[in-house]
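Have a look at the structure below, then the notes.
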Amino acid sequence: MRLLIAGTGASGALYLQRLLNYLEGKGHELHLVLSTYAKQVIAQEIGALKIPEGTYQYQENSMSAPFASGSALFDAMVIIPCTMATVGRLSAGTSDSLILRAADVFLKERRKLILVLRETPWNLIHARNSVTAIESGAILLPAIPSFYSKPQTVEALVDTVVFRVLDQLGIYLPEAYRWREPLPTLQRVEKE
């Protein structure tokens with residue numbers, strides 16, 4: 001897959017790092033854009049981002065990246081983490097950064113755009129902007145971890161969200177915990 005991964009300034013740099021870890025070495029073409037605030041949060045939360053070898057990196061103020069145009073073919077874009085300010089600007093049609101321009105392109109071209117929201121609580125403006133983003137074709141995937149896999153580490157907890165992102169991309173990993181239906185009860189058959 002040809003994927004664009006972007007990070008904005010919400011807390012949750014570990015979500016971005018874990019996604020990059022799972023995509024590394026899987027044969028995907030990765031493109032990465034980080035906002036200025038994302039870089040600050042990454043430094044504060046995890047020190048430095050380990051970027052997979054061969055990943056194409058772009059500055060947020062550059063508009064010469066291939067994905068800034070609909071003529072460049074990409075499979076999906078993930079903004080992880082995604083601030084509510086990013087959702088608001090995207091919903092208003094503002095394309096004043098490479099991340100916003102790319103997201104706008106993915107929406108107009110009907111390509112998969114996944115927004116991993118990390119802010120809480122929401123106000124009414126957040127809710128309305130989120131509805132606009134959904135109506136425009138974005139997939140909102142709040143960074144809400146699940147607990148039924150009984151995660152024992154912070155990374156395992158973060159992975160419960162990252163695996164859902166990968167599912168949305170159509171990348172299914174065997175290590176992803178899946179909710180399982182109970183095994184059918186075996187009925188004893190009496191011999192005649």
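The values are calculated or read from the model by the stated rules, or taken from the named source; none is laboratory data. Every value quoted in this text rests on a predicted model; they were computed, and no experiment measured them. Positions of Cβ are backbone-derived with ideal geometry, glycine not excepted, and every protein chain shown enters the neighbour counts.
Count of the range 73-98 residues, restricted to those that are at pLDDT below 95 and among the acidic types (D, E), is 1. Just to verify a result, which residue in the range 143-158, among those that are over 20 Å from R180 (Cβ atoms) and among the hydrophobic types (A, V, I, L, M, F, W, C), is surrounded by the most Cβ atoms within 10 Å (Cβ to Cβ)? Looking at the filtered set, the residue picked out is A143.
What about A102, is it aliphatic (A, V, I, L, M) and at pLDDT below 95?
On the way: aliphatic (A, V, I, L, M): yes; at pLDDT below 95: no.
Criteria not met by A102.
Is the range 55-72 home to any residue that is without any contact (Cβ under 8 Å) to a residue 60 or more places away in the chain, under 21 Å from P142 (Cα atoms) and buried (at least 17 other Cβ atoms within 10 Å of the Cβ)?
Scanning the range 55-72 turns up no residue that is without any contact (Cβ under 8 Å) to a residue 60 or more places away in the chain, under 21 Å from P142 (Cα atoms) and buried (at least 17 other Cβ atoms within 10 Å of the Cβ).
Exactly one residue out of A6, A10 is small (G, A, S), assigned to a loop (DSSP other than H, G, I, E, B) and either closer than 28 Å to V131 by Cα or in contact with a helix residue (DSSP H, G or I) (Cβ under 7 Å, 6 or more places away or on another chain) (or both), and it is A10. Taking the criterion of being of a type in the set (V, I, T) and in a helix (DSSP H, G or I), the residues of the range 13-55 that qualify are T36, V41, I42. Considering the range 140-192, and only residues there that are at pLDDT below 90 and of a type in the set (D, E), the residue that is nearest to S11 (Cα to Cα) turns out to be E175. Taken together, the residues in the range 11-37 that are in contact (Cβ under 8 Å) with a residue 40 or more places away in the chain, over 16 Å from V162 (Cα atoms) and of a type in the set (G, A, S) amount to 1.
None of V161, V116, V131 is out of contact with any Asp or Glu (no Cβ under 6 Å at 6 or more places or on another chain), in a helix (DSSP H, G or I) and buried (at least 18 other Cβ atoms within 10 Å of the Cβ) except V161. Against the list (1) out of contact with any helix residue (DSSP H, G or I) (no Cβ under 7 Å at 6 or more places or on another chain); (2) surrounded by 13 or more Cβ atoms within 10 Å (Cβ to Cβ); (3) more than 29 Å from S64 (Cβ to Cβ), the condition E109 fails is (3). The condition of being more than 23 Å from R111 (Cβ to Cβ), surrounded by 15 or more Cβ atoms within 10 Å (Cβ to Cβ), of a type in the set (S, T, N, Q) and touching a helix residue (DSSP H, G or I) at 6+ places or on another chain (Cβ under 9 Å) holds for only one of Q17, Q44, that being Q17.
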